Amino acid sequence: MTRSHSFLHNLIKPFKFGSSREGNNEEELERIAAQEQKVFPYETLLAATKNFHSHHKLGEGGFGPVYKGTLDDGREIAVKKLSQSSNQGNKEFMNEAKLLARVQHRNVVNLLGYCVHGTEKLLVYEYVPHESLDKLLFKSHRREQLDWKRRLDIITGIARGLLYLHEDSHSCIIHRDIKASNILLDDKWMPKIADFGMARLFPEDQTHVNTRVAGTNGYMAPEYVMHGHLSVKADVYSYGVLVLELISGQRNSMFSLEMDAQNLLDWSYKLYKKGRSIEMVDPSLAASAVEDQVTMCIQLGLLCVQGDPQLRPSMRRVVVMLSKKPGHMDEPTRPGAPGSRYRRSRRPSPFSTAAGTSGADSDSRTSDSSSNYTATTTTPAPSSAAREIDSRGKRPMHEA
Ligand SMILES: Nc1ncnc2c1ncn2[C@@H]1O[C@H](COP(=O)(O)OP(=O)(O)OP(=O)(O)O)[C@@H](O)[C@H]1O
């Protein structure tokens, strides 16, 4: 018996119910012990961040400040101190954090664990050494570091991470805030989706789950902004915006109006319809861009931002499209933008095939299955949440 095994054995002894159940108990304790490793003592985090010293502060997001730390064993961590606004009790928070700590994917920032200290709640993430995507993509002097190959790898990596969150993790996780600043790049430029599961840690009143809006201006799907209708297709929309930003090097939310279009999506769509998509490509990609890959990605981005959520592909379908050589793809319909009118197309979803790679079926997983999106949408008065946007461009998570 190894030392750790005998230690475990001693722990088990007092709980023995009988020799036949010993195996099960041992397994159970091992499971509990493994889970408990997800709990970080507050003192460990204080030591790792030098008492949350300002020199260790990486930044501050909508959920609170983030600090860099180093554990005794040399591992680097990022500690997010959650602001007090969560109405979740400690026990519920710990349960959710434990669940989220089981989410493991190479394109998702790993949550290593959590800590509850009095009224403070903290999340401990793996530290991702490069910066967030927005700091490279939207800075003219740094954008060149992102050549086409890197951008395509980022487009593909985010798609895989989202597919995992939507379909392959223990439960469907809708991110709700996919945007360039929530994509971290590691030292090999691999993209990692940050801030997943915040909706679970900041739960909403279950009876109103369908009427609350959170997210960032410029990335939010119209049906979510206008009606608070949330499904995986809201993430697909945000992903599409991000793809078009990666190709053009322009922020959707700060789009130059000189372009004879209302926003980046509108501009991309107009150029696409004229067969001049290539004109939207970031000039700094001139030397590295592979034309048929770029045009395929523009079409893919436009498919993802379509006004009708049912027409948007699922992330599984996106991953399949990215893994194939550019070939036939469906024609995107007009992009949706908050406040825009759209009519649900009468034609069947282009991705609902007999093979089951669906657009309108399995991938329409929604946080509220009772409320299916209904036929025609005209422009309603924007909800109060839609009108209320804070200085960070974020919408509050309260009732619309
Ligand atoms: N795991 C991590 N590794 C390295 N840096 C991180 C990590 N998590 C967050 N950061 C950095 O900490 C800062 C704050 O991040 P945070 O996710 O809280 O907010 P944000 O994305 O800037 O804003 P928002 O809350 O609106 O999404 C950012 O600069 C981000 O790059």
Got at least one residue in region 168-184 being within 15 Å of the ligand (Cβ to nearest atom) and either part of a strand (DSSP E or B) or surrounded by fewer than 16 Cβ atoms within 10 Å (Cβ to Cβ) (or both)? yes
Just one listed residue, out of Ser140, Ser132, is polar (S, T, N, Q) and surrounded by 19 or more Cβ atoms within 10 Å (Cβ to Cβ), and it is Ser132
Mind checking which residues of region 295-320 are farther than 19 Å from Ile174 by Cα, surrounded by fewer than 21 Cβ atoms within 10 Å (Cβ to Cβ) and under 23 Å from the mean Cα position of the chain (by Cα)? Met296, Gln299, Val320
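Val66 - would you say it is within 14 Å of the ligand (Cβ to nearest atom) and without any contact (Cβ under 8 Å) to a residue 24 or more places away in the chain?
Numbers: within 14 Å of the ligand (Cβ to nearest atom): yes; without any contact (Cβ under 8 Å) to a residue 24 or more places away in the chain: yes.
Taking the combined requirement at face value, the residue satisfies it.
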Please state which one of Glu92, Glu96, Glu120, Glu144 is over 19 Å from Tyr42 (Cα atoms) and over 16 Å from the mean Cα position of the chain (by Cα). Glu144
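Determine whether region 123-134 contains at least one residue that is more than 10 Å from the ligand (Cβ to nearest atom) and under 19 Å from the mean Cα position of the chain (by Cα).
To start, the set of residues in region 123-134 that are more than 10 Å from the ligand (Cβ to nearest atom) comprises none.
No, there is no match, as no residue in region 123-134 is more than 10 Å from the ligand (Cβ to nearest atom) and under 19 Å from the mean Cα position of the chain (by Cα).
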Unmet criterion (only one of (1) more than 27 Å from Gln293 (Cα to Cα); (2) modelled with pLDDT of 90 or more; (3) open to solvent by 10 Å² or more (accessible area, probe 1.4 Å)) for Ala194: (1)
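Could we say that His56 is open to solvent by 60 Å² or more (accessible area, probe 1.4 Å) and either over 30 Å from Pro283 (Cα atoms) or at pLDDT 90 or above (or both) here? Talk me through it step by step, then tell me what you get.
On the way: open to solvent by 60 Å² or more (accessible area, probe 1.4 Å): no; either over 30 Å from Pro283 (Cα atoms) or at pLDDT 90 or above (or both): yes.
In short, no.
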Determine which single condition Cys115 fails, assuming it passes every other condition in (1) among the hydrophobic types (A, V, I, L, M, F, W, C); (2) away from the ligand (no atom under 15 Å from the Cβ); (3) at pLDDT 85 or above; (4) open to solvent by 30 Å² or more (accessible area, probe 1.4 Å). (4)
Selection from region 243-281 of residues acidic (Asp, Glu), surrounded by 15 or more Cβ atoms within 10 Å (Cβ to Cβ) and modelled with pLDDT under 95 yields Asp266
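If you check Thr44 against the conditions, is it at pLDDT 95 or above and within 16 Å of the ligand (Cβ to nearest atom)?
On the way: at pLDDT 95 or above: yes; within 16 Å of the ligand (Cβ to nearest atom): no.
So Thr44 does not fit the description; no.
The values are calculated or read from the model by the stated rules, or taken from the named source; none is laboratory data. The shown structure was predicted, so the numbers you read here are calculated from the model rather than taken from an experiment. In this analysis, Cβ positions are derived from the backbone assuming ideal geometry, glycine residues included, and neighbour counts consider all displayed protein chains. Keep in mind that these areas ignore ligands, DNA and RNA; they rest on the heavy atoms of the full protein, side chains included. Shrake-Rupley method; radii C 1.70, N 1.55, O 1.52, S 1.80 Å.
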